[in-house]
Structures are given as structure tokens and as C-alpha cells.
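Visitor: Please read through the structure below; I'll follow up with questions.
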Amino acid sequence: MEGAVAEHGKDDLRSGEDRSVLADEGAAMGDSPPRELISLADDEGNSVSVNVRGRSPSWAAGLDAEIVVKTPFVSGRIDLALYVARLESWADALDRLDAGKDVAWMDMSRGPSIFIQLTGERDCPEVVVEDESGSMVTVRVPLVPPDDWIADHRRRLRQVMDHWVPMLYG
């Protein structure tokens, strides 16, 4: 997945803008902007997260984000563009997960996809991160999230939307 960062991150680097300035807009106002949209981890050292880094330096209606995978065996990250429709589709995915259904988030769109299978190949939940359009790498991460993980992720989504979405329209 590391190679995917170089391939997908080229456009961001050409803009020449300092991401740290864009990412800390909320911090300058005295509050720390929410960063983790998704944070799934277990006691075995496996985790998948989606982190918001700030407003996109090249697209006013988008957020600059990344998917980060960490396991004792493999780790990697890939750039990700988030926008309101993707955040809303994550809300729909959480509803389906709460109803006991597997989900595919960002499937069939340009860039990486995340699949959450409640009962994966190892009889436990699995998160599958796929970058078919770029690096052609797929990573399957088995993990057992805490009991309240869906409610926690709804809270995370609300915080991200409340903080970042008004900036995209302002």
C-alpha cells in the first residue's frame, strides 16, 4: 500500500500548499478538529483507520484524508478524498452494519474501497481495504471491535460532519 500513496498523492504534492496550515484551521479557533472518522482496532495490534487531515488543498468541496492499516505483519496508508456524499454513505453503511449486514463503502468509485464483513474468513469481523484502481493491492484485516463500536462511529461521523462540512460550503 505504500506505493499507492506515491501514485495517488502526486496531485496533492503539486499544489505546493502547506497541508499543516489547512489541517489546523479549527485548532486556530481554539478547538481541536476531529481527525478520526474510522478507528477500528483490536488487542492483537490490528487496526484500520480513516483520518481527516484537513480541507483539500486542490478541491474546495473536499477533505484530504487517508486510510491507515496497521498489523504486526503489514502496514500501509493511502490517500483518500472525502466529500459530503461519501460521509453520508458512511452513515448509511453504519445503519446497515447495525442491522447485521456486511457493507462496502466507496465500492466502485475511483480510489480505495473499504469492506466490513461482520463474519469474515476467520469467523470474526474483517475489514478489507482494496485499492483496485491504483496499486491493485487488497489487505484483509481480521479484528474484533468493542461492543459499542457502531455508536462510537456514529459519534465520530457527527463530529467530522459538524466541524468540516460547513467549511466546504463556506
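Visitor: Determine if the range 133-141 includes at least one residue that is aliphatic (A, V, I, L, M), touching a Pro at 6+ places or on another chain (Cβ under 7 Å), open to solvent by 30 Å² or more (accessible area, probe 1.4 Å) and without any contact (Cβ under 8 Å) to a residue 24 or more places away in the chain.
Guide: No, the range 133-141 contains no residue that is aliphatic (A, V, I, L, M), touching a Pro at 6+ places or on another chain (Cβ under 7 Å), open to solvent by 30 Å² or more (accessible area, probe 1.4 Å) and without any contact (Cβ under 8 Å) to a residue 24 or more places away in the chain.
Visitor: Going through the range 98-123 one residue at a time, which ones are surrounded by fewer than 19 Cβ atoms within 10 Å (Cβ to Cβ) and in contact (Cβ under 8 Å) with a residue 24 or more places away in the chain?
Guide: Answer for the range 98-123, where residues must be surrounded by fewer than 19 Cβ atoms within 10 Å (Cβ to Cβ) and in contact (Cβ under 8 Å) with a residue 24 or more places away in the chain: D98, G111.
Visitor: Need the failing condition index for A60 against (1) within 25 Å of R158 (Cα to Cα); (2) open to solvent by less than 40 Å² (accessible area, probe 1.4 Å); (3) at pLDDT below 95, just the number.
Guide: So the condition that A60 fails would be (2).
The values are calculated or read from the model by the stated rules, or taken from the named source; none is laboratory data. Keep in mind the model is a prediction, meaning the values are calculated, not measured. In this analysis, Cβ positions are derived from the backbone assuming ideal geometry, glycine residues included, and neighbour counts consider all displayed protein chains. Accessible surface is based on the protein model in full, side chains and every heavy atom, while ligands, DNA and RNA are left aside. Shrake-Rupley method; radii C 1.70, N 1.55, O 1.52, S 1.80 Å.
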